[in-house]
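The values are calculated or read from the model by the stated rules, or taken from the named source; none is laboratory data. Remember, it's a predicted structure, so these values are computed and weren't measured experimentally. Neighbour counts are summed over all protein chains in view; Cβ atoms, including those assigned to glycine, are modelled from backbone coordinates with ideal geometry. Accessible surface areas use protein heavy atoms only, side chains included; no ligands, DNA or RNA. Shrake-Rupley method; radii C 1.70, N 1.55, O 1.52, S 1.80 Å.
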Amino acid sequence: VERGANKTAYLNIFDHDGNLILRKATGIQTCCVAVSPDGSLGGTTITPANLVAEDDFDMEYPANVGKATIFDLAGNKIFELQTGTRAMEISHDNKYVALDVNGADCVGIMNIETKEILWQDYRGSQIRHLIFSEDDSILYMGSQECIAAYDAKDGTMLWQTFTANGFPIDMILSSKYLYVSPKGTGGNDNKLMCIDRKTGKTKWTYQTGSRGTKLTVSPDETMLFWGNDTGARDVGLYMLNAETGEPLW
């Protein structure tokens, strides 16, 4: 570890049996990892060796540098952009990638093969989470204090909801809702949000006190699991009623 960033970081992809099927050096640490829904493609931000070697290289925000890159499982590079990104999502048909298209807080969708930009929208803040709907028709985006839904074909904004909080640590979909765990901008102002996928209206919020790191919905979509990284200082795990937000334990 040097100046807060790991200079020996890797993208590792495993199958469900725990076998390592792809390993690529990223240069320095990155919070951006994407695996296509069918498991055939993997993406992250790769920082070139010449930048990693610089003594005065600013690594406070490593995802803002380097190149957004996608590999197939044979390790072949099939997509590369000249800028980094903090979020990346590959469509279900493996034709498109959603990411920060120019490294300047601008969400958009690109054709993986041709690198054509289908559309872009300047957000003015970091793009932190991206999710395609099951049929790739809608892109859900999380940035600083805002969640938005776009028509994936033309970039029309369908709705946006403000979280009055920091960027989302995690976002997941159920058949009806988008669950979001925003990071509080100060103190312990952290919460869970349940947002209607069609309208963008907030169905419920639940104050957690500490920031969450991972969300999971049960297969029958009745329970929402939430965990944090604060250890013994706060409640570390919650199971909630996914429809009402009431804690089960």
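Numbers below:
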| item | result |
| --- | --- |
| Extreme residue, modelled with the lowest pLDDT, among residues of the stretch 50-72 that are of a type in the set (S, T, N, Q) and in contact with a Gly (Cβ under 9 Å, 6 or more places away or on another chain) | ASN64 |
| Candidate set from the stretch 62-110 (those that are surrounded by fewer than 19 Cβ atoms within 10 Å (Cβ to Cβ) and in contact with a Ser or Thr (Cβ under 7 Å, 6 or more places away or on another chain)); member that is nearest to ASN12 (Cα to Cα) | LEU73 |
| Residue that is surrounded by the most Cβ atoms within 10 Å (Cβ to Cβ), among those in the stretch 27-40 that are of a type outside the set (Gly, Ala, Ser) and closer than 19 Å to LEU130 by Cβ | THR30 |
| Extreme residue, most open to solvent (accessible area, probe 1.4 Å), among residues of the stretch 129-170 that are closer than 25 Å to VAL35 by Cβ and charged (D, E, K, R) | LYS153 |
| Search result, residues across the stretch 124-166 that are assigned to a loop (DSSP other than H, G, I, E, B) and at pLDDT below 95 | GLY124, SER125, GLN126, GLN144, GLU145, THR163, ALA164, ASN165, GLY166 |
| Residue within the stretch 36-49 that is at pLDDT 90 or above, in contact with a helix residue (DSSP H, G or I) (Cβ under 8 Å, 6 or more places away or on another chain) and under 20 Å from ILE169 (Cα atoms) present | yes |
